Amino acid sequence: MLVKLVAETAPQPIAPASPPPVSKPARPLLHVSRDAMACEFEIFFDPVRYPSGADVSVVALDLIAALEDQLTVYRETSEVSRLNAIASFRPVEVEAGLFQLLQRAQELSRQTGGAFDVTAGQLSKTWGFLRREGKVPTQPEIDDALATVGSESLELNAERQTVQFLKPGAELNLGAIGKGYALDRAADLLAEKGLGDCMLHGGNSSVLSRGQREEQVDHWTIALKHPLRPNDRLGEFYLRNQALGTSGSGSQYFHHGGRRYGHIIDPRTGWPAEAVLSSTVIAPTAAEADALATALYVMTLDEAAAFSRLRTDVAALLVTHGKHPGQIELHPFNLPAEAWRNMLAAE
C-alpha cells in the first residue's frame, strides 16, 4: 500500500490533469495506491477536507483486493473459476454482487449486439492471450471457441441466484468489466464512510469521479494520451460523477507473419479488432464505461453511431488512423463540447 501527497499526478494513458485556473492554486491531493488485478489502483482526495481519508481509502482498496479474489480467472480458488469449472453441468449459486454483475453484463451484450460478451473466455485462450503467449489459431480452432460464446446462453435464475452455461465449454472472463466494477464498489464504500469527493482509477484506463476536485471546481479533469505519440495528450475530459474507460491494444499484442494482432478480440467473429486505435467512453458507472469501451473498440463506426442513438447517456470518442501515416481521425459520439477539450485542434 502506498500513501503520498501529490500536487500534480500523471499516470498514463489516462491521468488526472490540472484543473482550469481558479482564484487560488489548487490544494495538493493525497494519493493512496495498491496493486490488484495486474495493475495499480489509486484513490485521490483532498486531505484537508477529508483528514481520515487515507484510512478509509485503505479499506476501499482492501475491498478491491477481495473482489480480485472473487473475479479472477487466474486463481483456481476464485468464484468465477469455480463457475467455469462446473456451470456447464449444473446451476451454481453465486454471491449477490457477482449475480448482479452478470445480469448487467448480459444486458450490455444485448445492447451492443454481442460486441461485448463475458462468455468469450475460450477465445482468449485460443489466441494465447490468457497467458500472454500470443499465437494465431486455425479457423477451425476459432470456430470451436466461437461455439461456446454467447451471453444469451448464460442462464441466470434471479429467484435462486444461480448461474448455468447452456453452451458446453463456455467460460467467463470478466477482464473487460471487472476493474470498473471494483471501482464502483470501492467508491460506494468511500461514500458510505463519508468520503464523497474523490477520483479513483485502476490501471490508468479505468477512471471514476465522485463529487468535485475542490470547492471552486465542480468536476475532475482527466487527460487522455495520444495513441501514436505517448508523450502527448490528445484531449481532456471533464467528469462530473461519471466514469471514463479507454480500450486499446497498445500494451498487449504480438506479431506473426508481418502482421500485428492485438488482444481485444471481437466475440462475434473470433478475430482481434484492427480498425480502431483507441476507444474512450464516458458512462454513469465504471463497469459500463469499461465494458462499452471494449465493445466500441470492436464495432464499426456505423455500429458505434447506432449504439450512440440507443444510449444517449453514454458519450464516446473513437480514434482511427488518418489518411496519411502518423495521422489520426477523431470520431465523437454524444460528446458535448463543454465535456472535453480537443488538444489537437490547436495543432
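Of all the residues that make up the range 282-299, how many are assigned to a loop (DSSP other than H, G, I, E, B) and in contact with a strand residue (DSSP E or B) (Cβ under 6 Å, 6 or more places away or on another chain)?
Here is the first cut: in the range 282-299, the residues assigned to a loop (DSSP other than H, G, I, E, B) are 284-285, 299.
Applying the additional criterion that residues be in contact with a strand residue (DSSP E or B) (Cβ under 6 Å, 6 or more places away or on another chain) yields 285.
Of the residues in the range 282-299, 1 are assigned to a loop (DSSP other than H, G, I, E, B) and in contact with a strand residue (DSSP E or B) (Cβ under 6 Å, 6 or more places away or on another chain).
Give me the residue from the range 89-123 that is assigned to a loop (DSSP other than H, G, I, E, B) and acidic (Asp, Glu) and, out of that set, surrounded by the most Cβ atoms within 10 Å (Cβ to Cβ).
Asp117
Among Leu228, Leu195, Leu156, Leu208, which is the only one that is in contact with a His (Cβ under 9 Å, 6 or more places away or on another chain) and modelled with pLDDT of 95 or more?
Working: Leu228 fails: modelled with pLDDT of 95 or more; Leu195 fails: in contact with a His (Cβ under 9 Å, 6 or more places away or on another chain); Leu156 fails: in contact with a His (Cβ under 9 Å, 6 or more places away or on another chain).
The unique qualifying residue is Leu208.
What is the number of the single condition among (1) acidic (Asp, Glu); (2) touching a strand residue (DSSP E or B) at 6+ places or on another chain (Cβ under 7 Å); (3) surrounded by 16 or more Cβ atoms within 10 Å (Cβ to Cβ) that Glu155 does not meet?
(3)
Going through the range 42-69 one residue at a time, which ones are under 21 Å from Ser205 (Cβ atoms) and either within 21 Å of the chain's Cα centre (by Cα) or at pLDDT below 95 (or both)?
Pass one, the range 42-69, residues under 21 Å from Ser205 (Cβ atoms): 42-45, 57, 60-61, 63-65, 67-68.
Once the filter is applied, which keeps residues that are under 21 Å from Ser205 (Cβ atoms) and either within 21 Å of the chain's Cα centre (by Cα) or at pLDDT below 95 (or both), the range 42-69 yields Glu42, Ile43, Phe44, Ser57, Ala60, Leu61, Leu63, Ile64, Ala65, Leu67, Glu68.
If you check Arg160 against the conditions, is it closer than 30 Å to Glu42 by Cβ, touching a residue at least 12 places away in the same chain (Cβ under 8 Å) and not small (Gly, Ala, Ser)?
For Arg160, the condition - closer than 30 Å to Glu42 by Cβ, touching a residue at least 12 places away in the same chain (Cβ under 8 Å) and not small (Gly, Ala, Ser) - is not met.
How about the range 189-209: which of its residues are in contact with a Gly (Cβ under 6 Å, 6 or more places away or on another chain) and either over 22 Å from Tyr297 (Cα atoms) or in a loop (DSSP other than H, G, I, E, B) (or both)?
Leu195, Gly196, Asp197
Within the range 127-165, track down each residue that is basic (Lys, Arg) and within 23 Å of Ala87 (Cβ to Cβ).
Narrowing the range 127-165 to residues basic (Lys, Arg): 131-132, 135, 160.
Selection gives Arg131, Arg160.
For the range 20-41, indicate whether the set of residues that are at pLDDT 95 or above, of a type outside the set (A, V, I, L, M) and assigned to a loop (DSSP other than H, G, I, E, B) is non-empty.
No, because not a single residue in the range 20-41 is at pLDDT 95 or above, of a type outside the set (A, V, I, L, M) and assigned to a loop (DSSP other than H, G, I, E, B).
Going residue by residue through the range 179-199, is there one that turns out to be buried (at least 23 other Cβ atoms within 10 Å of the Cβ), of a type outside the set (Lys, Arg) and closer than 24 Å to Arg268 by Cα?
Checked against the condition, which is being buried (at least 23 other Cβ atoms within 10 Å of the Cβ), of a type outside the set (Lys, Arg) and closer than 24 Å to Arg268 by Cα, the range 179-199 yields at least one hit.
Collect the residues in the range 204-223 that are acidic (Asp, Glu) and within 18 Å of His31 (Cβ to Cβ), keeping them in residue-number order.
Glu214
List every residue pair whose Cβ atoms sit under 7 Å apart, with the two residues 6 or more apart in sequence or on different chains, where the first one lies in the range 276-291 and is closer than 19 Å to Ala120 by Cβ and the second, anywhere, is buried (at least 24 other Cβ atoms within 10 Å of the Cβ) and among the aromatic types (Phe, Trp, Tyr).
These pairs meet every condition: Val276/Tyr297; Ser279/Tyr297; Ala287/Tyr181; Ala291/Phe116.
Working carefully through the options His201, His226, find the one that is over 28 Å from Arg27 (Cβ atoms), touching a residue at least 24 places away in the same chain (Cβ under 8 Å) and not small (Gly, Ala, Ser).
Only one candidate qualifies: His226.
Among the residues of the range 263-284, are any at pLDDT 95 or above, touching a Lys or Arg at 6+ places or on another chain (Cβ under 9 Å) and of a type in the set (A, V, I, L, M)?
yes
Name the one entry in Ala66, Ala85, Ala54 that is touching a Leu at 6+ places or on another chain (Cβ under 8 Å) and either in a helix (DSSP H, G or I) or exposed (fewer than 14 other Cβ atoms within 10 Å of the Cβ) (or both).
Ala54
Does the range 73-82 hold any residues that are without any contact (Cβ under 8 Å) to a residue 60 or more places away in the chain and outside any helix (DSSP H, G or I), and which are they?
Taking the range 73-82 first, the residues without any contact (Cβ under 8 Å) to a residue 60 or more places away in the chain are 74-79, 81-82.
Those that are without any contact (Cβ under 8 Å) to a residue 60 or more places away in the chain and outside any helix (DSSP H, G or I): Tyr74, Arg75, Glu76, Thr77, Ser78.
Is it the case, given these coordinates, that Thr112 is among the polar types (S, T, N, Q), at pLDDT 95 or above and under 24 Å from Ile64 (Cα atoms)?
No.
Yes or no, residue by residue, for (1) within 22 Å of Ala286 (Cβ to Cβ); (2) surrounded by 15 or more Cβ atoms within 10 Å (Cβ to Cβ):
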{"site": "Phe307", "(1), (2)": "yes, yes"}
{"site": "Ala315", "(1), (2)": "yes, yes"}
{"site": "Ile328", "(1), (2)": "no, yes"}
{"site": "Ala337", "(1), (2)": "no, no"}
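Exactly one condition in (1) outside any strand (DSSP E or B); (2) in contact with a Ser or Thr (Cβ under 7 Å, 6 or more places away or on another chain); (3) under 17 Å from Leu208 (Cα atoms) is not met by Ser279; state its number.
Every condition holds for Ser279 apart from (1).
The values are calculated or read from the model by the stated rules, or taken from the named source; none is laboratory data. Every value quoted in this text rests on a predicted model; they were computed, and no experiment measured them. As a convention, Cβ positions derive from the backbone with ideal geometry for all residues, glycine included, and neighbour counts pool all protein chains shown.
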